[in-house]
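Everything below concerns the one structure shown next.
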Amino acid sequence: QVQLVESGGGLVQAGESLRLSCAVSGSFFSINAVGWYRQAPGKQRDLVAKITSSNMTIYPGSVKGRFTISRDNAKNTAYLQMNSLKPEDTAVYYCTADQGYKRYWGQGTQVTVSS
């Protein structure tokens, strides 16, 4: 069983930065990939970033160049560095961990960007 706890969300102004953290219980080395998704009110949940066990990263065009995902295996923690935030980045951000064919989700952390 894997448990994820996100932290680092908050209220910022447009142009500012935030770093989200995702603490993963259990063996980090058994995790194939860690991802971040976000969901704004009335919208579907979308992928924001993903990093594999070999440190390959994936970003959609909406965040590429502004967001960076990383993982620290020694701390069993993944991070999402978000720079140049925009009001449209406002959403609940969820961390995910893929273990085999199973995907685990965190409880989410709110990010609000004011204009």
- Item | the chain: mean projected area of Cα convex hull, nm² | 6.7
- Note on the structure: Scattering profile of region 1-69 from the Debye formula, Cα beads only, expressed as log10 I(q)/I(0) at q = 0.25, 0.26 Å⁻¹, is -1.37, -1.41
- Whole number in Å², please: accessible area per residue of region 17-115, 1.4 Å probe, ligands, DNA and RNA not counted. 51
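Over the chain, what percent of the accessible surface lies on carbon and sulfur atoms, probe 1.4 Å?
Summing carbon and sulfur atoms, their accessible area is 49 percent of the total for the chain.
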- Would you give the gap between the C-alpha center of region 77-115 and the C-alpha center of region 14-43, rounded to a whole Å? 4
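The values are calculated or read from the model by the stated rules, or taken from the named source; none is laboratory data. For clarity, every value in this text was computed on a predicted model and none was experimentally measured. Surface accessibility is based on the protein's heavy atoms, side chains included, excluding ligands, DNA and RNA. Shrake-Rupley method; radii C 1.70, N 1.55, O 1.52, S 1.80 Å.
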